[in-house]
1. What about residue 253, is it buried (at least 20 other Cβ atoms within 10 Å of the Cβ), touching a residue at least 12 places away in the same chain (Cβ under 8 Å) and within 27 Å of residue 88 (Cα to Cα)?
2. Name the single residue that is nearest to the ligand (Cβ to nearest atom) among those in region 77-87 being surrounded by 19 or more Cβ atoms within 10 Å (Cβ to Cβ) and outside any helix (DSSP H, G or I).
3. Just one of (1) touching a strand residue (DSSP E or B) at 6+ places or on another chain (Cβ under 9 Å); (2) more than 12 Å from the ligand (Cβ to nearest atom); (3) in contact (Cβ under 8 Å) with a residue 60 or more places away in the chain; (4) not in a strand (DSSP E or B) trips up residue 213, so point out which.
4. Given the criteria assigned by TED's automatic domain parsing to the domain that holds residue 154, over 22 Å from residue 111 (Cα atoms) and outside any loop (DSSP other than H, G, I, E, B), does residue 181 qualify?
5. So which pairs qualify, if the first residue must be in region 130-154 and loosely packed, with under 10 Cβ neighbours inside 10 Å, the second must be not in a loop (DSSP other than H, G, I, E, B), the Cβ gap must be under 7 Å, and the two must be at least 6 apart or on different chains?
6. Does residue 3 satisfy being part of a helix (DSSP H, G or I) and within 16 Å of the ligand (Cβ to nearest atom)?
7. May I ask you to list pairs of residues, at least six apart or on different chains, whose Cβ atoms are under 7 Å apart, with the first in region 33-50 being within 15 Å of residue 16 (Cβ to Cβ) and the second being part of a helix (DSSP H, G or I) and within 13 Å of the ligand (Cβ to nearest atom)?
8. Have a look at 96, 90, 50 and point out the one that is within 15 Å of the ligand (Cβ to nearest atom) and more than 18 Å from residue 315 (Cβ to Cβ).
Ligand code: 8YV
């Protein structure tokens, strides 16, 4: 018995339902903590999403669940230590969403550097007074230095696209340099130095306690005037209040955000800040990708139920 905590694309829901007993939360809202705990007791498999908080209390409810097959790559909303202690497997869906998320990171870079969000708002609000030579001048991406924080699959695909299409220079910061980096990006052991040198900083590290507010006011203070911050990783990595202040005070040039500290809430000062592009967590939101994520979750849960090692076990 499998529970989907949210609706998946119809084709993959149907595929899953043709093979298993599937229950789907059809309400257009996340389930409550009490409902999730109850589900842990009564289902064999829970397929949560980033909008569910699978904390120690939910996991501790115990009972039937043998696997939490997350629909998504990031698992910072799941208490992995509690799952380990309870002997419940946790899997995720990496790889299948790499391209879609990298595309969105590039979209945000383009929108922020060309002031596309500002321009669209101005036009829709009837404030466009016509063409003029100095209207909404952005900056070209060519020759600018893209600094990647975290250098996993999504970071590298973002870097590959940005370099091939727009001719950016590449630097990255991660705990260790990547061996045999085919992109030849410059490794920077110091995040401070990367922040100070990059024209565009793009975040690709996991969420969770280790990276909470990694990009805080002092870190934002190191950025070049006019530099852009792109976040398709997790909202918790950035101190949103400090970012809103840096934007409003003109300390940095702009930001492109897809993720937020308290989704779906967005810091009110960010809504009013200049040159910030705000998207509602659309990183993996293509039909192909969301179907592939469902298929990957299905491979994981079926492997575990059949007594095989799931391909994407994280706990
Ligand atoms: C997903 C994401 O849409 O996979 C992730 O970590 O942030 C998104 O692309 C989301 O996680 C679905 O649960």
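The values are calculated or read from the model by the stated rules, or taken from the named source; none is laboratory data. The structure presented is a predicted model; accordingly, all values stated were derived computationally and were not measured. Ideal geometry is used to build each Cβ from the backbone, glycine not excepted, and the neighbour counts take in all protein chains shown.
1. Values: buried (at least 20 other Cβ atoms within 10 Å of the Cβ): yes; touching a residue at least 12 places away in the same chain (Cβ under 8 Å): yes; within 27 Å of residue 88 (Cα to Cα): no.
Considered against the rule, which asks whether it is buried (at least 20 other Cβ atoms within 10 Å of the Cβ), touching a residue at least 12 places away in the same chain (Cβ under 8 Å) and within 27 Å of residue 88 (Cα to Cα), residue 253 comes out as no.
2. Among them, the one singled out is 78.
3. Of the numbered conditions (1) touching a strand residue (DSSP E or B) at 6+ places or on another chain (Cβ under 9 Å); (2) more than 12 Å from the ligand (Cβ to nearest atom); (3) in contact (Cβ under 8 Å) with a residue 60 or more places away in the chain; (4) not in a strand (DSSP E or B), the odd one out for residue 213 is (3).
4. Working: assigned by TED's automatic domain parsing to the domain that holds residue 154: yes; over 22 Å from residue 111 (Cα atoms): yes; outside any loop (DSSP other than H, G, I, E, B): no.
No, not satisfied.
5. Close Cβ pairs satisfying both conditions: 142/166.
6. Numbers: part of a helix (DSSP H, G or I): no; within 16 Å of the ligand (Cβ to nearest atom): yes.
Judged against the criteria, residue 3 is not a match.
7. If the second residue must be part of a helix (DSSP H, G or I) and within 13 Å of the ligand (Cβ to nearest atom), the pairs left are 47/297.
8. Numbers: 90 fails: more than 18 Å from residue 315 (Cβ to Cβ); 50 fails: more than 18 Å from residue 315 (Cβ to Cβ).
Of the residues listed, the single one that is within 15 Å of the ligand (Cβ to nearest atom) and more than 18 Å from residue 315 (Cβ to Cβ) is 96.
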